[in-house]
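Below is one structure; the comments refer to it alone.
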Amino acid sequence: MWVDTHGHLFLLADAPGVVLGRARAAGVRWVMCPGVDLVTSQQARQIAADHPDTVLWSAGLHPHDASTWPTVRDDITELAQQASAIGECGLDWYRNLAPKEHQVQSFADQLELAQALGKPIIIHCRDAFADVFEMVGNAELGERAVLHCWTGGPKWTKRFRELGVTFSFAGPLTYTTADTLRLGAAQAPPERTMVETDSPYLTPEPKRSESNEPANVVLTGAALAEVWGMAASQVAELTSRTAARVFGAPGAWASTGGDHG
Ligand SMILES: [Zn+2]
């Protein structure tokens, strides 16, 4: 059984119950649903409340919206007390939708929040490896720093590995053009690696033309199994155990290894 450690269930066309039913049928045990701003963090909380055995949620502000941080900081900080994680937050020097200093301030405050609450933080890092490396390194969060949709090659994967972070791989791992990413994945420690969909984005091959959903995490897991030369069932076991250790696990799965190590 798999865990999708990053699915924006509030963005999917089908209702969460329908999507989660298909996920279960595909062998997906539970889903972490990260908010990207105040409203979607509240939506994620509601979805988790409606599906206590299959959904965890997080509260945070995405770097694209970092300029709104001063107006939502207090509310997101309050929500974060109830959430299983902080984020999605981070730095994005590729799309640069918010000024650099706003992104840095918003990310720095959310790292501090994760430290203060002792909770994991879900990090978006796009073309910002050096800056994320410095900020995450200073925060000293160990495996509670989760690098979502990791796209680093071998060099950055080895450097971040030394920080003790958790890596999470998404659909791009299945793309024919992603050889450098697969070389990076080969350097990711199997006991500190997870898989995710980033639904509704980044659908894995061979479904790339469709909208993404948690059931498809199985395809990314299979790609990771190929990189590591392991059976898919072993990768499912390893990544699910890591997800439960880092995030805790929802209701029904909490007794099966949801210990915050
Ligand atoms: Zn995301």
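The values are calculated or read from the model by the stated rules, or taken from the named source; none is laboratory data. It should be emphasised that the depicted structure is a prediction, and the values quoted were computed from it without experimental measurement. Please note: Cβ atoms are built from the backbone with ideal geometry, for glycine as well, and neighbour counts cover all protein chains shown.
Annotations
- Given (1) within 16 Å of the ligand (Cβ to nearest atom); (2) small (Gly, Ala, Ser); (3) at pLDDT below 95, number of the condition Gly171 does not satisfy: (3)
- Given (1) in contact (Cβ under 8 Å) with a residue 24 or more places away in the chain; (2) under 18 Å from Trp156 (Cβ atoms), index of the condition Glu213 fails: (2)
- Figure legend. Inter-residue proximity from region 91-119: first residues touching a residue at least 12 places away in the same chain (Cβ under 8 Å), second residues of a type in the set (S, T, N, Q) and in a loop (DSSP other than H, G, I, E, B), beta-carbon distance below 9 Å, spacing 6+ or different chains. Indicated pairs: Gln103/Asn96; Lys119/Ser84.
- Unmet requirement for Ala59, which otherwise passes all of (1) more than 18 Å from Val104 (Cβ to Cβ); (2) touching a residue at least 40 places away in the same chain (Cβ under 8 Å); (3) out of contact with any Asp or Glu (no Cβ under 7 Å at 6 or more places or on another chain): (2)
- All of Thr193, Thr220, Thr180 fail the test of being more than 15 Å from the ligand (Cβ to nearest atom) and closer than 16 Å to Met32 by Cβ, apart from Thr193.
- When region 97-111 is filtered for residues that are surrounded by fewer than 22 Cβ atoms within 10 Å (Cβ to Cβ), not in a loop (DSSP other than H, G, I, E, B) and not β-branched (Val, Ile, Thr), the ones remaining, listed by number, are Lys100, Glu101, His102, Gln105, Ala108, Asp109.
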